[in-house]
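Report on the structure given below.
Read-outs: derived from the displayed coordinates by stated rules, not from any lab. These numbers come from a predicted model, not from an experiment. Here the Cβ positions follow ideal geometry from the backbone for every residue, glycine too, while neighbour counts run over all protein chains shown.
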Amino acid sequence: MTTVLTELELDALTEMVNIGVNRAAASLREMVGEQVLLSVPKVTLVSRDQAIATLGENEITNLVGVHQVFEGEITGRALLIFPDTKSLELVRAVTGGELPLEEIIELEHEALAEIGNIILNGCLATIANMLQRNLKMSLPEILRGEPSVFFNLKPPPDAGDVVMFLYINFAIRQRDIRGYIAMLMDIPSLAALQVLLGEFIERTAGGMAPSNDRS
Amino acid sequence: MKYRILVVDDSKLARMAVAKALSALHPDWVRLEAANADEALALARTDSFDLAILDFNMPGRDGLQLAAELLALKPTLPLAVISANHQVEVVTRAREVGATFLQKPLTEKAMGDFLADAAKRLATAAP
């Protein structure tokens with residue numbers, strides 16, 4: 001079964017994730033004390049291989065990421081991913097930069113899980129609120145490796161190879177930290193998502209026909 | 001007074017949300033829409049409007065850059081920049097540029113406050 005989202009549904013999904021990520025970035029800004037820059041979100045319906053390729057495009061190095069599964073009427077995963085060379089710098093930024101390297105290394109795992117938790121949970125909670133549905137979120141899990149590691153997580157997808165891949169680049173310029181916030185949704189969720197988006201659009205813009213066809 | 005309001009957002013849904021709030025608050029006001037900074041500036045040259053609501057996070061130039069460009073053309077234009085990104089730097093830049101910062105998702109209350117303030121400024125500025 002193939003479900004194709006309409007232009008307006010895709011717009012609504014992008015805007016919703018945009019709001020979620022922007023709010024979460026404001027929390028990260030509080031943690032690191034420096035502005036977090038964000039790109040405009042990109043949403044694509046792609047095969048897992050294409051998603052891996054997108055993620056691997058600019059990265060020669062291995063990646064490190066924090067991963068959370070969300071479940072409810074829609075199911076998928078949210079990821080905070082960056083080159084593993086930047087991971088200690090991010091921990092340093094959050095802990096205030098006073099700690100010796102050994103302690104930063106010791107704290108790395110816990111700090112990454114917490115950063116991921118704040119960003120991903122913040123983003124998903126905003127989305128759940130906007131959809132007026134409860135999403136159950138797993139505990140954050142740290143992953144390391146090549147881009148493929150991030151797209152072949154268990155449980156395996158039960159519905160083919162196509163995923164909804166949504167990502168936003170983030171950067172903390174003063175610290176030379178950059179990465180992605182990505183969401184992956186399996187296709188069986190898309191039909192459910194379409195219903196939820198329809199309700200969301202009705203609540204947000206109810207009665208307002210789009211006035212023109214720009215964008 | 002019936003005013004003309006420019007709404008700039010790359011998301012059609014976001015423009016519809018502004019339209020919904022506007023039609024509840026001031027159904028007689030006229031809305032002009034643009035999906036990015038270039039379209040907005042083109043409109044500014046060919047059309048007239050009294051106030052503007054700009055999205056911050058857009059492809060190309062962001063809403064704060066656009067705000068500065070619009071204010072260069074119309075220094076007294078009441079302006080709001082709208083974003084879920086309430087980072088100190090963004091809110092501060094909005095204030096520095098002379099724009100009101102409105103949070104996404106937009107509430108009718110926040111929109112109403114901005115419109116009331118803008119209408120007051122426009123009424124006092126009118127000859």
Exercise. Mind checking the log10 I(q)/I(0) for region B:4-125 at q = 0.17, 0.18 Å⁻¹? Debye, one equal scatterer per Cα, no solvent, two decimals.
Worked result: -0.78, -0.89
For this session: State to the nearest 20 debye the size of the charge dipole of region A:13-148 about its Cα centre, where the only charges are +1 on K and R beta carbons and -1 on D and E beta carbons.
Result: 660 debye
Exercise. Taking a ≥ b ≥ c as the square roots of the eigenvalues of the Cα gyration tensor of region A:7-203, is the shape rounded (a/c under 1.5), prolate (a/b larger than b/c) or oblate?
Worked result: prolate
Seminar exercise, completed: For region A:7-203 the mean separation of alpha carbon contacts under 8 Å (6+ apart) over residue count, i.e. relative contact order in percent, is 35 percent
For this session: Would you calculate, for chain A, the mean residue ellipticity at 222 nm contributed by helices, counting each DSSP H stretch of 4 or more residues as -39,500 (n - 2.57) and dividing by all residues, to the nearest 500?
Result: -15500 deg cm²/dmol
Exercise. Once the piece of chain linking A:Thr6 and A:Glu146 is laid out straight, how much longer is it, given 0.36 nm per residue of separation minus the C-alpha distance between them?
Worked result: 47.1 nm
For this session: Determine the alpha carbon to alpha carbon distance for each of B:Lys20/B:Lys74; B:Lys20/B:Lys109; B:Lys2/B:Lys120; A:Lys86/B:Lys104; A:Lys42/B:Lys104; B:Lys2/B:Lys109 and list only those over 23 Å.
Result: B:Lys20/B:Lys74; A:Lys86/B:Lys104
For this session: Enumerate the helices in chain A for which the Kyte-Doolittle hydropathy averages -0.5 or more and the C-alpha atoms extend at least 27 Å along the helix's axis, using complete DSSP H runs.
Result: A:7-32, A:101-131
Seminar exercise, completed: So for R0 = 41 Å, FRET eff. of B:Leu122-B:Glu89 from the Cβ-Cβ r, to 0.05, ends up at 0.90
Exercise. A:Arg175 label point, 7 Å along Cα→Cβ, cut-off 13 Å on backbone N: hits in region A:97-116?
Worked result: A:97-99, A:108, A:111-116
Problem set entry | In region A:29-85, the GluC sites (Glu not before Pro) that fall in loop regions by DSSP, at most 10 other Cβ within 10 Å | A:Glu57
For this session: Hey, for a label at A:Ser27 modelled as a point 7 Å past Cα toward Cβ, could you say which residues of region B:54-96 have their backbone N under 20 Å away?
Result: B:83-91
Problem set entry | Calculated FRET value between A:Asn129 and B:Asp28, using beta carbons and R₀ = 25 Å, to 0.05 | 0.15
